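In what follows, a structure is listed as structure tokens, so that the remarks can point back to it.
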Amino acid sequence: MIVSKTFLRAIDYKHEISRHIRACWLFNEAGAHDISGFGNDGTLVNKTFLPQISFPTKFGSAMYFDSAAAYIDFGEQSKGQLDFPTQSFSVLIWFRAFDNGNVQRLISKNYGGAGVEWWAISLDEGATTLVFDVDDGVTKSSVSVTTPDFTNLTWYQVVAVRDTAADLLRLYGNGLLLASASDGSGDIGNTYQVKIGQLGSFGDQYYLGYVDHCIIFECALTPDDVMQFYVDPFFFLLKPRTYITYSPPAAAPGLSIPIAMHHYKMMEAS
């Protein structure tokens with residue numbers, strides 16, 4: 001018997017930027033599997049997965065959030081892989097949002113309440129502003145943009161960057177720098193969950209729209225990095241490979257197949 005199988009994509013670490021990836025969710029399966037190797041898989045809560053044939057995904061498959069208590073919980077980050085107390089970090093997310101009249105949290109590491117450390121990318125109430133916040137529990141620093149309209153049923157790539165070396169926050173949209181602002185916050189380290197779609201501990205405000213993929217980096221992406229991820233979103237991945245598996249033939253009546261022949265042989269298709 002011959003079976004052809006295409007393996008899922010994996011990160012190509014020959015690219016320098018790939019070595020800074022701490023989580024990468026492509027949402028190409030009915031779950032939130034992290035292909036970075038750091039094991040930051042998510043749990044879907046009241047969520048709908050859209051397979052490749054569904055409309056209107058951006059790349060392959062996507063996740064749909066209906067704002068009715070739907071979100072993805074990536075768990076408490078006690079391992080510290082998604083906790084960046086004083087380090088630079090960047091978050092890339094592709095989304096297609098609707099206006100549901102509430103503050104909508106695209107992605108955050110936050111519990112909510114005063115005096116806590118957190119970060120978040122959000123659409124504010126009325127969805128007129130896209131904002132990236134970092135908060136050390138005393139000082140909140142923010143960078144925001146009001147154009148374009150991020151709820152006009154268009155897919156956008158947004159990248160939020162905290163550059164601690166330059167004390168700056170930056171927001172990029174579709175490869176271009178939209179805004180920057182001073183970062184006066186200090187240590188934002190915490191063990192709260194990373195979530196997509198839910199506003200911290202406020203259980204009545206959820207995201208309405210689609211998310212296609214999301215990547216978190218332990219570095220400040222440069223303008224060239226951001227543009228490359230926009231024009232060639234999957235350059236950092238190994239190309240899918242198709243393998244052909246051969247199994248041994250069935251034994252003739254009265255004979256048996258030697259045990260050594262029961263091991264499958266796998267060859268890469270040309």
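The values are calculated or read from the model by the stated rules, or taken from the named source; none is laboratory data. If you're wondering where the values come from, they're calculated on a predicted model, not measured in any experiment. Note: ideal-geometry Cβ built from the backbone for every residue, glycine included; neighbour counts use all protein chains shown.
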Which of the residues spanning the stretch 221-234 are at pLDDT 95 or above and hydrophobic (A, V, I, L, M, F, W, C)? LEU221, VAL226, MET227, PHE229, VAL231
Selection from the stretch 194-209 of residues charged (D, E, K, R) and buried (at least 18 other Cβ atoms within 10 Å of the Cβ) yields LYS195
Does PHE217 satisfy the criteria of being closer than 17 Å to ASP83 by Cβ, in contact with a strand residue (DSSP E or B) (Cβ under 9 Å, 6 or more places away or on another chain), in contact (Cβ under 8 Å) with a residue 60 or more places away in the chain and surrounded by 21 or more Cβ atoms within 10 Å (Cβ to Cβ)? yes
Taking only pairs six or more apart or across chains, which ones have beta-carbon atoms under 6 Å, a first residue in the stretch 19-44 that is more than 8 Å from PHE74 (Cβ to Cβ) and surrounded by fewer than 15 Cβ atoms within 10 Å (Cβ to Cβ), and a second residue that is modelled with pLDDT under 90 and not polar (S, T, N, Q)? ALA30/PHE49
For THR48, all conditions in the list (1) surrounded by 14 or more Cβ atoms within 10 Å (Cβ to Cβ); (2) farther than 13 Å from PHE27 by Cβ; (3) of a type in the set (S, T, N, Q); (4) at pLDDT below 75 hold save one; what is the number of the exception? (2)
Which members of the stretch 1-31 meet the condition of being at pLDDT 90 or above and not in a loop (DSSP other than H, G, I, E, B)? ILE11, GLU16, ILE17, SER18, ARG19, HIS20, ILE21, ARG22, ALA23, CYS24, TRP25
When you scan the stretch 88-108, how many residues do you find that are part of a strand (DSSP E or B), over 14 Å from the mean Cα position of the chain (by Cα) and under 22 Å from ASP167 (Cα atoms)? 0
For a quick check of your reading of the model, give me the residue pairs whose first member lies in the stretch 226-254 and is closer than 27 Å to ARG19 by Cβ, whose second is of a type in the set (Lys, Arg) and modelled with pLDDT of 55 or more, with beta-carbon atoms closer than 7 Å and at least 6 apart or on different chains. LEU237/ARG9; LEU238/ARG9; PRO240/ARG9
Looking at (1) at pLDDT below 90; (2) surrounded by fewer than 15 Cβ atoms within 10 Å (Cβ to Cβ); (3) assigned to a loop (DSSP other than H, G, I, E, B); (4) not β-branched (Val, Ile, Thr), can you tell me which one PRO85 breaks? (1)
